[in-house]
Amino acid sequence: MEKSSKKRFYVTTPIYYVNDIPHIGHTYTTIISDTISRYKKLAGYDVFFLTGTDEHGQKVEKAASEKKLKPQQLADQVVGRFKNLWKTLNISYDFFIRTTQPFHEKAVQKIFQKLKNKGDIYKGVYEGWYCVSDENFLSEDVPLEKGGYKICPDCGKRAGIVSEDCYFFNLSAYQKPLLDFYKKNPSFVRPPSRMNEVVSFVKQGLKDLSVTRTSVRWGIPVPDDPGHTIYVWFDALHNYLTGIGYDRNIDRFHKFWPADVHFIGKDILRFHAIFWPAFLMASEFPLPRTIYGHGWWLKDETKMSKSKGNVLDPHDILETFGSDPLRYFLLREIPIGLDGNFSHEGFVHRVNSDLANDLGNLIQRILTMILNFFKGKIEESEKEKEDDKKLRLEFAALKEKVFKLYEDYAINRALEEIWVYINSVNKYLARNEPWKLAKMKNKRKRLGRILYQAAAALRGISYLLYPVIPGSSEQIWKYLGEEKPLEEESFSKLKFENYKPAQKIKSPKPLFPRVSLKDFLKEEEIQPAPARKEEKMEIISFDEFKKMDLRVGEIVKAERVEGTEKLIKLDVDIGTEKRTMVAGIGDVYSPEDLEGQKLTVIANLKPAVIRGIESQGMILAAEVEGRATVSFFDKDVPTGAKVR
Ligand code: MSP
């Protein structure tokens, strides 16, 4: 398991913009990072966990002016909201960095100057499309819309043209070094699908990157050229160095750099997997070990974001449920690489079923029996029987599995395994029926053994759950009569049979009360979505149906539409001709899955331009929770045949 000498581990979240208050999406990355940080601390690592806020740039400047505030005032207000939320969510960061802190600004200027002296940053003129919302220059292949403007492919907002003197970073020179690096370090970007995305992007060629602005005043001034401010991403990415002490606590910096993992949302993958390593190569710092690009939380199948107005405020949930149910739900519901759709119904169901029923009832049952039958301390117990031993050995195996899964950041899988064990303990109790034994005088020792096994199992469960639900785990630990704080028990020494309660078991308060969906939604003032069957169905006549030209089409070629997550461009043979169609199925199917397949297409649909491509028809697919399932024909049918 973990090495005996204390190893260091450095984990980060992105630093969040202060243009708006935090939402569920922001809490997600922070909860993942906190869980991994807590796990690593248990596993004996010397951990540094960094989070913070990204306070410069046009986005914050604009939001502040809309609120008639100075950018610094806005930042000071919003930063408090983030810090309070992290406190409520039990986030145990080691340092909170703000990019307006003078030590950070000075260090960024120093690195900028170093790169300028080396020739990696040089002066020129920039002309191009810029998206203020994402603080991002659009690549040249983003097509012009009819009105002569461009739309940001990431957020869908209209971009503006900027033309200004600026300093460029010599990104093109790092194309080959980056590709070599990716090749040698295939798990630099995780999950692997995101690594492939990055590699193919870099292979297409990299242009030099403008790293200063003259039109933005709210930024770190370029040393000796204060008419320019440093590009907010150049500024922000360096927080990962300055936050652990670059240029002010150099021992700590050398102890923790390079980072073991930067957890980020997939929206900011390019900045972290291309620009960041290139900047670090230029300034000759070692590169981080892993960039983990997690999926998004969607609401109504679209990314939760301020600009779309569909964000969920975590406070509503926290007020009703407290922090651990939210932490548990976000981590249990989806593997960290994939997207998840947040629904109130799903949330309440998961929390009631896993936490209130499975775990909550188990805690209550075991502790109450020990209190009722042994006045809180098991004094007599017989030797382990085969069934008792099985429960102990199953825990040892579980611990090994969970260790590996946490090491691999597969938190949802670790939780799944822990729940398998929770069910085993429930079954063990059902099989051995301690409540019946309690009524028999000569079964006291047997009763003692059964309740000891159950309590030892519960202690182990609470320990393994601690990274995810730290508050509740500590509470269970205390209820079980442990005096030593849970965090002082090392992961490698954790053993079932080490359970030796120092004190009497305490009377437990329910940790996870059931909340009904009705009560929760009332509180939220959100109405559940109407059931589909209640939707009004529009009836069409047979003649109208006959107007549709439905045919068997064969996909002869499929390729992803660049810069999009979901779109695939298809060349479809419809018997009489070849048509181009754009379909939103790229999150479920890869081009290789599609080529050669036959399916139903609507051939006489009015063409539509999607991302600059004329889509001349449509394919049919079932839609389940926003994901498409295409109905391919399971027998060979002639291409172009009519479908009726
Ligand atoms: N300031 C930059 C990051 C600089 S890091 C050097 C930024 N900030 S942000 O406020 O927009 O936060 C982005 C991060 O918040 C995402 O990368 C992701 O980690 C998290 N999320 C924001 N919305 C999200 C969802 N809807 N779902 C999951 N996480 C998302 O970008």
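The values are calculated or read from the model by the stated rules, or taken from the named source; none is laboratory data. Every value quoted in this text rests on a predicted model; they were computed, and no experiment measured them. FYI the Cβ positions are ideal-geometry reconstructions off the backbone, even for glycines, and counts take in every protein chain you see. The area values use the complete protein model at the heavy-atom level, side chains included, leaving out ligands, DNA and RNA. Shrake-Rupley method; radii C 1.70, N 1.55, O 1.52, S 1.80 Å.
Worth a mention:
- Each residue in segment 605-628 was checked for being under 23 Å from PHE545 (Cα atoms) and of a type in the set (Val, Ile, Thr), and 1 pass.
- Some residue of segment 234-244 being more than 13 Å from the ligand (Cβ to nearest atom) and in contact with a helix residue (DSSP H, G or I) (Cβ under 7 Å, 6 or more places away or on another chain): yes
- Some residue of segment 395-405 being in contact with a Phe, Trp or Tyr (Cβ under 6 Å, 6 or more places away or on another chain) and open to solvent by 50 Å² or more (accessible area, probe 1.4 Å): no
- Residue pairs meeting the criteria (Cβ under 8 Å; at least 6 apart or on separate chains; first within 11 Å of SER133 (Cα to Cα), in segment 145-156; second among the charged types (D, E, K, R) and surrounded by 12 or more Cβ atoms within 10 Å (Cβ to Cβ)): CYS152/ASP134; CYS152/ARG158; ASP154/ASP134; ASP154/ASP267; CYS155/ASP134
- Output for segment 6-27, where each listed residue is closer than 21 Å to VAL79 by Cβ and out of contact with any strand residue (DSSP E or B) (no Cβ under 6 Å at 6 or more places or on another chain): ASN19, ASP20, ILE21, PRO22, HIS23, THR27
- Only one entry in ILE317, ILE274 is away from the ligand (no atom under 11 Å from the Cβ), open to solvent by less than 10 Å² (accessible area, probe 1.4 Å) and under 30 Å from LYS110 (Cβ atoms), namely ILE274.
- Against the test of being open to solvent by less than 40 Å² (accessible area, probe 1.4 Å), in a helix (DSSP H, G or I), within 10 Å of the ligand (Cβ to nearest atom) and on the phi < 0 side of the Ramachandran plot, the options THR29, THR53, THR35 yield a single qualifying residue, THR29.
- Being buried (at least 18 other Cβ atoms within 10 Å of the Cβ) and among the acidic types (Asp, Glu) is not true of GLU140.
- Flag for PHE253 being of a type in the set (Phe, Trp, Tyr), at pLDDT 95 or above and either away from the ligand (no atom under 16 Å from the Cβ) or assigned to a loop (DSSP other than H, G, I, E, B) (or both): yes
- Of the candidates SER323, SER381, the single residue that is buried (at least 20 other Cβ atoms within 10 Å of the Cβ) and touching a residue at least 40 places away in the same chain (Cβ under 8 Å) is SER323.
- Per-region count, segment 78-90, residues in contact (Cβ under 8 Å) with a residue 40 or more places away in the chain and in a helix (DSSP H, G or I): 7
- Looking across ASP208, ASP224, one residue alone is open to solvent by 20 Å² or more (accessible area, probe 1.4 Å), at positive phi and more than 13 Å from the ligand (Cβ to nearest atom). It is ASP224.
- Sub-8 Å Cβ pairs linking a first residue in segment 550-562 that is under 16 Å from GLY586 (Cα atoms) and touching a residue at least 12 places away in the same chain (Cβ under 8 Å) to a second residue that is basic (Lys, Arg) and buried (at least 16 other Cβ atoms within 10 Å of the Cβ), at least 6 apart or interchain, are ILE555/LYS598; ALA558/LYS569; GLU559/LYS569; ARG560/LYS569; VAL561/LYS569; VAL561/ARG611, ordered by first then second residue.
- Those helices (runs of 4 or more DSSP H) of segment 409-513 in which at least 3 residues are over 26 Å from ILE91 (Cα atoms) and open to solvent by less than 10 Å² (accessible area, probe 1.4 Å), considering only elements entirely within it, cover 411-432, 444-465.
- Residues within segment 38-50 that are more than 13 Å from the ligand (Cβ to nearest atom) and open to solvent by less than 20 Å² (accessible area, probe 1.4 Å), tallied: 7
- In segment 1-25, the residues that are within 21 Å of SER133 (Cβ to Cβ) and at pLDDT 95 or above: THR13, PRO14, ILE15, TYR16, TYR17, VAL18
- Of the residues ARG392, ARG365, the single one that is open to solvent by 70 Å² or more (accessible area, probe 1.4 Å) and more than 30 Å from ASN310 (Cα to Cα) is ARG365.
- Of all residues in segment 108-157 being among the hydroxyl-bearing types (Ser, Thr, Tyr) and in a loop (DSSP other than H, G, I, E, B), the one that is nearest to GLY205 (Cα to Cα): SER139
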